[in-house]
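I have placed the structure first, in the form of C-alpha cells, so that the comments after it can refer back to it.
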Amino acid sequence: MAEVARDWAILQNLQARLRTISIANGYRTDIGTDVALERPRTAPVAPMITLYAGGRTYPQDAQSRTEREFTLVVEIRVPVSVDAPNEMAVAADADVEQALDAYLPQPLALPLVFEESLVLEQPDGVPELVVQQMYSTRYRR
C-alpha cells in the first residue's frame, strides 16, 4: 500500500495538535473536542474545527527543485445557538493560533507560518459564524 500523501499527513498531525485545545489545557475554549478533516454534511450543533488543504506550489525562492510550499485552511464554525457566539468565535480563533504558533509537524515540514484570519460573511438564515485561518509551511518531497 502506498504511503499517505505528505499534505494529508500534515493535516493529520495538525488535527492531533488542535485536539489539545481545551480549557483544562489553559486555552479559552474547548473547541478541540471536535476537529475534523472532512466538513460534515449538516450544520454543527457545537463549535468545531475543520482542516482543509489549500494548495501546493513551487516557491520562487526554493533551495531545491523538490521544495514545495503547502497552504492549509483552518475553519472554525460556531453555531449561533451557543451563548455569546461572537465571543466564542473570537476566543476559538485566538486558541487555534496559539496552539499552532511555532508548532512543528516534524518530520514532515517546517514550522507553520500564519498568513491571515478572516471572519466570513454568512448569508441570511445561516445559523453559524465561520472564521477561516490560512497557514503555510514548506517541505521537500
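Observations
- Ellipticity estimate at 222 nm from DSSP helix runs (n ≥ 4, -39,500 (n - 2.57)) divided over the chain, nearest 500: -6500 deg cm²/dmol
- Normalised contact order of segment 6-140, rounded percent, pairs of Cα under 8 Å and 6 or more residues apart: 25 percent
- Extension gain for residue 56 to residue 82 (0.36 nm times residue separation, less C-alpha to C-alpha distance): 5.8 nm.
- P(r) of the chain over all Cα-Cα pairs, binned every 5 Å from zero, in whole percent: 2, 10, 20, 22, 18, 12, 8, 5, 2, 1, 0
- Tail fraction, Cα-Cα pairs, segment 46-99, threshold 12 Å, whole percent: 71 percent
- Within the chain: Cβ-based charge dipole about Cα centre, in debye rounded to nearest 20 (Lys, Arg +1; Asp, Glu -1): 760 debye
Read-outs throughout are calculated quantities, based only on the coordinates presented, and are distinct from any laboratory measurement. Predicted model only: the values in this text are computed from it and were never measured. Glycine also receives a Cβ, built like all others from the backbone with ideal geometry; neighbour counts cover every protein chain displayed.
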